[in-house]
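Only the coordinates and a few stated rules stand behind these numbers; no lab work does. Since the model is a prediction, treat every value here as computed from it, not as a measurement. Cβ coordinates were reconstructed from backbone atoms using ideal geometry, including for glycine residues, and neighbour counts include every protein chain displayed.
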Amino acid sequence: MKYFFIPLYFIFIKFITCIDNSLDYNSYFLDQKCYEFCSQIGGTCTNDLKCICKKGYSTFYINEEDFYFCNYKQYNKKITGLIELVFGFGFGHFYCKRFMHGYLQLFVEFILCCLMACLINVFYRFDNIVNNGNPYYTNIISNYYFPLLALLLLFWQIIDAILFFSCYYKDGNGMNLY
């Protein structure tokens, strides 16, 4: 029981230290280069020619020809976490363009739901043959295992939302959520 809180401790530390992964805070330019390379949408040049990103923007390096600081609009961790918490089934992953994780979660949850439906169907037929229609095994499956599966899926959904809220996940381009 004493080891139960260790994962929660690490999630809390990650939540507290959720920082921006941009290059913008240490970016100095000579003369007017700041105004040339600092994106006017997501960044501002200070008097000492330092490009500072606005909240929710970061620098995403594509190549040397198209390089601008503060050129990337980050996904909000609160919106992504709420989408995952409310809708589940990997929708938070789909929102922030983590398609592989979203499809994997959707597939696993779909397979688990289909498996549970097949088990209920098999035990319903078994009860009709062996117990003359008395739904003994069907009641066991539907009253015990189906709620257990629903709690497992709900637990997975809540853990995913907590990981989104704590900036554990990055978006599809490898950038932190803000």
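The table below lists the values:
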| quantity | calculated |
| --- | --- |
| Residue order, fewest to most beta carbons within 10 Å, for 75, 145, 68 | 145, 68, 75 |
| Semi-axis lengths (Å, descending) of the ellipsoid that matches the C-alpha gyration tensor of the stretch 39-178 | 50, 13, 7 |
| Rel. contact order, % - alpha carbon contacts under 8 angstrom, at least six apart, the stretch 99-178 | 20 percent |
| Mean Cβ neighbour count within 10 Å, used as a protection proxy, ranking 77-87, 151-161, 120-130 highest first | 77-87, 151-161, 120-130 |
| Neighbour-count order for 39, 58, fewest beta carbons within 10 angstrom listed first | 39, 58 |
